[in-house]
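Report on the structure given below.
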Amino acid sequence: MSSSVLVTGGAGYIGSITVERLAGAGHRVVVLDDLSKGHRAAVAPGVPLVVGGVGDVELVKRVLREHDVDSVIHFAAMSLVGESMERPGDYYEANVVHGARLLMAMAEAGVRKIVFSSSAGVYGEPETVPISESHPARPVNVYGDTKLAFERILEWQAASDDLRYVSLRYFNAAGASEKFGEDHRPETHLIPIVLEVAAGTRPELAVFGDDYETPDGTCIRDYIDVRDLSDAHIAAIDALGRGESGIYNLGNGEGWSVLNVIDAARSVTGKEIPWKMGRRRAGDPARLVASSSLAEKELGWTPEHPELEDMIGAAWDWMGRHPGGYPE
Ligand code: UFG
């Protein structure tokens, strides 16, 4: 069934590719993005872009009504673990306060379905790996705590009225589609930084610590292709349409260390990629690897691009076609 979907943060990395794929699947889409981190050129042609914040209740209500929206996908957020430890107030304001205002606007406009862009960051340092949704949620950084706080708001709201929600806890998004990719300024994520070093636009990479309890001492993450992540949102919209709610992990179920990522990027690009060992970054758990079996079972979702080399290759191709990223 076709839906009319408001995508907040639809000019950002995961948002832009989700918008592209939602529109491709026949849904009507409108994007709300304040362009603080997103890019105008990242919004698929033909999709309306409203420039503004999710905390602006009057604006959100107007967009919901004018576009006859029935479901919201909420990406707009501050999303950097390191930065969140330095600017906690900004993270709670953007991710919790503005998120709560979005829910108020939805309630006033009678829109009762939301897909939320949550994070593996809610789990903190895992007690068991792979991590399932029933694993205790004890964030070890501010970013993860803001995501958990918004999930709690959703849970209470859904218990008190007819709100339905799907919360998607992403592990580490990677890769690109043909047209859209990753362009953060400044860039702090591992794979684009590694590829900038490969491309020669950044001199060197610092690996943040080799004294973790992992086989090579560097942190392990579960990288998941951004096209697969995006498709999970379409499956979530369909689930909401069937009256279902839920919380789902989205990952590959496989972990790669920082050094594994450098090796894979060397083999994809054929470049040397110099790096040096640096100190630990605050807030980094040693190992985050997903069990996504619930999403497979209930959303019918399985990753179609599980190979790290495929993701890095897609990101490398996109970077080659967009040297320097988006025009603005
Ligand atoms: N890393 C380096 N050097 C760098 C950059 C990163 O060694 O220059 C390391 C990090 O310490 C970490 C790993 O590479 O161990 C991945 O770091 P990223 O910054 O790419 O990603 P994070 O795991 O910190 O966080 C990402 C998203 C979050 C999300 C999380 C879920 O930014 O929004 O994945 O696992 F919550």
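The values are calculated or read from the model by the stated rules, or taken from the named source; none is laboratory data. Small disclaimer: the values here were computed from a predicted structure and weren't measured. Backbone-built Cβ (ideal geometry, glycine too); neighbour counts: all protein chains shown. Protein only, heavy atoms only, side chains kept; ligands, DNA and RNA dropped before computing areas. Shrake-Rupley method; radii C 1.70, N 1.55, O 1.52, S 1.80 Å.
A simple rule links phi to the HN-Hα coupling: the Karplus curve 6.51 cos²θ - 1.76 cosθ + 1.60 with θ = phi - 60°, which for segment 40-50 gives 3, 6, 8, 8, 4, x, x, 8, x, 10, 9 Hz, with x for Gly and Pro.
Taking a ≥ b ≥ c as the square roots of the eigenvalues of the alpha-carbon gyration tensor, segment 74-172 is classed oblate because a/c is 1.5 or more while a/b is no larger than b/c.
Legend: calculated FRET efficiency, Arg280 to Val97, from the Cβ-Cβ distance at R0 = 30 Å, rounded to 0.05, equals 0.50.
Legend: calculated FRET efficiency, Asp317 to Ala159, from the Cβ-Cβ distance at R0 = 51 Å, rounded to 0.05, equals 0.65. Under a 5 Å amide H cut-off, with hydrogens placed 1.01 Å from N, Val29 pairs with Val5 among residues at least 5 apart or on other chains.
Excluding Thr201 itself, calculate the net charge of residues whose Cβ lies under 12 Å from the Cβ of Thr201, where each Lys or Arg counts +1 and each Asp or Glu counts -1. In short, -1.
Sites listed here are trypsin sites (Lys or Arg not before Pro) in segment 204-257 whose DSSP assignment is loop and whose Cβ has at most 12 other Cβ atoms within 10 Å: Arg242. Probing with 1.4 Å while keeping every protein chain in the model, the per residue accessible area of the chain equals 42 Å². Solvent-accessible area assigned to carbon and sulfur over the chain amounts to 49 percent, based on a 1.4 Å probe.
Spin-label model, Arg65/Glu213: points 7 Å from Cα along the beta carbon direction are separated by 5.6 nm.
Couplings for segment 224-231, taken from phi via the Karplus curve 6.51 cos²θ - 1.76 cosθ + 1.60 with θ = phi - 60°, read 10, 5, 4, 5, 5, 4, 4, 5 Hz in order; Gly and Pro are left as x.
The C-alpha atoms of segment 1-117 occupy a region whose extents along the principal axes are 42, 30, 21 Å, arranged from largest to smallest. Remark: relative contact order (segment 24-97) = 24 percent; criterion is Cα-Cα distance under 8 angstrom and separation of 6 or more residues. Applying 1/(1 + (r/R0)^6) with r as the Cβ-Cβ distance of Thr302 and Glu58 and R0 = 51 angstrom yields a FRET efficiency of 0.80. Do you know the relative contact order of the chain, to the nearest whole percent, from alpha carbon pairs under 8 angstrom that are 6+ apart? Relative contact order of the chain: 20 percent. Note on Ser267 and Glu328: their simple-model spin labels are 4.2 nm apart, each label 7 Å out from Cα toward Cβ. Helical runs assigned H by DSSP (4 residues or longer) give the chain a calculated mean residue ellipticity at 222 nm of -11000 deg cm²/dmol, each run adding -39500 (n - 2.57) before division by the residue total. Cross-link partners of Lys113 among lysines, defined as those whose alpha carbon lies under 30 angstrom from its own and excluding same-chain residues fewer than eight positions apart: Lys37, Lys61, Lys147, Lys179, Lys297.
Here's how it looks for Arg202: its modeled amide H is under 5 Å from those of Val197, which are all 5 or more places away or on a different chain. Measure off 7 Å from each Cα along the Cα-to-Cβ vector at Ser2 and Arg185, then give the distance between these two points in nanometres to one decimal. In this crude spin-label approximation the distance works out to 3.6 nm.
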